[in-house]
Amino acid sequence: MRSVVLIGLYMAATGLANAAPADLEALREGDMRKLAIHAEPQRGSDVPFESEEGGEITLAAYEGKPVLVNFWATWCAPCREEMPQLAALQDEYGGEDFEVVTIATGRNDPAGMERFLAEIGAETLPRHKDARQALARDMGVLGLPVTLILDAQGREIGRLQGEADWSSDSARAIVEALIAQEQEG
């Protein structure tokens, strides 16, 4: 909790609380240095995927708040490491101002997905599926895991290829800056 307060004070003192997406670069430390922040927002996608309830959904369902979209699979060892951290981000920050959206891409048996998430303590994450990898292809996802940061308009503003420590102070500062930016905007 102390680190959250210090990050907030740092962001306020440096003006990063009102940061544009490109200013998020200043918050990248450790694994977050792998996060590529785009100079200009990239197009999102309207390709549907299967919601955990079984119907079709698109990323437009999350517009109005920043979203961290993680593409994963049950066979992905690095996913096993980072998904509990993503679940913790969702538990702490998820709601009206921010959302973690996880999408299993490729062949992932629903029972296997449930078992995988239970084994790693990430049961609170959504179990959306992109079985035919149509969304992953449209978003240029090559390999797993891949995490995208979308702005409130559904545009991609950042991308991280591979696993990362989403419990780090840097990751939390980035999420807090995204939330603050949206609340100010």
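The values are calculated or read from the model by the stated rules, or taken from the named source; none is laboratory data. These numbers come from a predicted model, not from an experiment. Ideal geometry is used to build each Cβ from the backbone, glycine not excepted, and the neighbour counts take in all protein chains shown. These accessible areas exclude ligands, DNA and RNA; they are computed on the full protein's heavy atoms, side chains included. Shrake-Rupley method; radii C 1.70, N 1.55, O 1.52, S 1.80 Å.
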- Message: Can you give me the long-range amide H partners of residue 106? Hydrogens built in the peptide plane at 1.01 Å from N, cutoff under 5 Å, separation of 5 or more residues or another chain.
- Response: 130, 131, 132, 133
- Relative to the longest principal Cα axis of the chain, at what angle does helix 169-184 sit, 0 to 90 degrees, rounded to 10? 80 degrees
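Note down the Stokes-Einstein diffusion coefficient of the chain in µm²/s, whole number, using a Kirkwood radius over alpha carbon pairs, 10 °C, and 1.306 mPa s.
Answer from the Stokes-Einstein relation: 97 µm²/s.
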- Task: Rounding to the nearest 20 debye, state how big the charge dipole of the chain is about its Cα centre with +1 on each Lys and Arg Cβ and -1 on each Asp and Glu Cβ.
- Result: 500 debye
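Counting only protein heavy atoms and a 1.4 Å probe, tell me what percentage of the stretch 109-150's accessible area is made up of carbon and sulfur.
49 percent
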- Query: To the nearest 500 deg cm²/dmol, what mean residue ellipticity at 222 nm is calculated for the chain from DSSP H runs of n ≥ 4 alone, each contributing -39,500 (n - 2.57), summed and divided by the residues?
  - Reply: -10500 deg cm²/dmol
- Query: Using θ = phi - 60° and the Karplus form 6.51 cos²θ - 1.76 cosθ + 1.60, what ³J(HN,Hα) does each residue of the stretch 59-71 get, whole Hz, x for Gly and Pro?
  - Reply: 5, 4, 4, 9, 4, x, 8, x, 9, 9, 9, 10, 8
- Note on the structure: The rounded separation in angstrom of the Cα centers of the stretch 160-185 and the stretch 97-144 is 20 Å
- Message: I need the Debye-formula profile for the stretch 141-185: one equal scatterer per C-alpha, no solvent, reported as log10 I(q)/I(0) at q = 0.13 1/Å, two decimals.
- Response: -0.33
- Please state the relative contact order of the chain as a whole percent: Cα pairs under 8 Å, 6+ residues apart? 34 percent
- Would you kindly derive the ³J(HN,Hα) couplings of the stretch 108-114 from the backbone phi angles with the Karplus curve 6.51 cos²θ - 1.76 cosθ + 1.60 (θ = phi - 60°), listing them in order in whole Hz, with x for Gly and Pro? 9, 5, x, 5, x, 5, 4
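How much accessible area per residue does the chain have, in Å², with a 1.4 Å probe? Intermediate results must be reported in sequence, preceding the final value.
Details: 8830 Å² over 185 residues.
It amounts to 48 Å² per residue over the chain.
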- Message: Quick check: residue separation of residue 47 and residue 184 times 0.36 nm, minus the Cα distance between them. What number comes out in nm?
- Response: 46.3 nm
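For the chain, give me the percentage of DSSP beta bridges that are antiparallel, rounded to the nearest 5 percent.
About 65 percent, rounded to the nearest 5.
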- Task: Wrap a convex hull around the Cα atoms of the stretch 62-163, take a quarter of its surface area, and give that in square nanometres.
- Result: 5.7 nm²
- Query: Angle between the Cα long axis of helix 77-93 and the longest principal axis of the chain, 0 to 90 degrees, nearest 10?
  - Reply: 60 degrees
- Query: Rounded, prolate or oblate: which one fits the stretch 19-78, using the alpha carbon gyration tensor with axes a ≥ b ≥ c (rounded when a/c is under 1.5, else prolate when a/b beats b/c, else oblate)?
  - Reply: oblate
